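Enquirer: Can you read through this structure? Questions will come right after.
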Amino acid sequence: MGSTKSIHALDGFGKITMKYDSMASLTLMLAVALLGCSEEDDIKIVQAGQNLSGSSFFKYSNPDGDNDCDGDCDSTTDVCNVVNGTHSLVLMRASDYILSEYDSDCVSNSAFSKTFKFKAEVLGVAAGASLPEMITMSTPKIGFDTEKCLESSVFLASVRLVNGRPWAGFCLPVEPTNLEPEPLNSSRRIQLPSSFEELSRQSIEAMADFENVCADERPGDFEITDNIFARLEECPPPAPFVPNNDPPEDDEGEESPND
């Protein structure tokens, strides 16, 4: 646990490089840098493998569309894919989310300028760094339909910690079920365990020995995107994003030409 290990991976963010001493050091970084907490703070920490959702089994849905593929799928979402470059694999419930836009003069990459910020209740940590039960999270509006995850309320997300701050990357909406669903077949894009316990076991194993367990998963370099996230944190607070495709409202008191 004391040795330094480098992991290179790809996720929904783009490319990043991750180096860490141990998952314990990541947890300590969160407690100090993100929360600035003391021993007197009453903050509940959700540990790796801990499930607070009240449901042992889940049904996943793809935010990009239908899960079914005719023949070969363009891509497959499995455990190796979701832990690739991940500091913490988290089941969470989102609330109070808002889409904001950073000043283009400050952002180093315009693709990341539109960013969701939301409050999250951590319902479970499948693997990786422990997280506080209540947390403020950010996620860029790129790569996949993050808004569908936020609208679904509960979703599984790959989280990276940049300078102690959490950024959610790849996400999947989750529906709890009372009974264990049928296993996902090989023709589906999503091939994740539908049991939280099994998801946790497999993801912890994959994160601990990624190069061997996930030998078929192409590793990547995440340094560039981590630098973009760090830059965003230094920019002035973003203004709420207002889409410009809505028709203008009539001035109050004026009649429409067709009236």
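The values are calculated or read from the model by the stated rules, or taken from the named source; none is laboratory data. In this text, all values refer to a predicted model and were calculated from it rather than measured experimentally. We place every Cβ from the backbone using ideal geometry, glycine too, and count neighbours over all the protein chains shown. Surface areas here come from the heavy atoms of the whole protein model, side chains and all, with no ligands, DNA or RNA. Shrake-Rupley method; radii C 1.70, N 1.55, O 1.52, S 1.80 Å.
Enquirer: In Å², what does the accessible area per residue of region 96-163 work out to with a 1.4 Å probe?
Expert: Computed with neighbouring chains in place, this is 38 Å² per residue.
Enquirer: So, in nm, how far is label THR136 from label CYS106 when the simple model puts each one 7 Å beyond its Cα toward the Cβ?
Expert: It is 1.4 nm.
Enquirer: If R0 is 41 Å, what FRET efficiency do you get for ARG231 and LYS59 from their C-beta distance, rounded to 0.05?
Expert: 0.65
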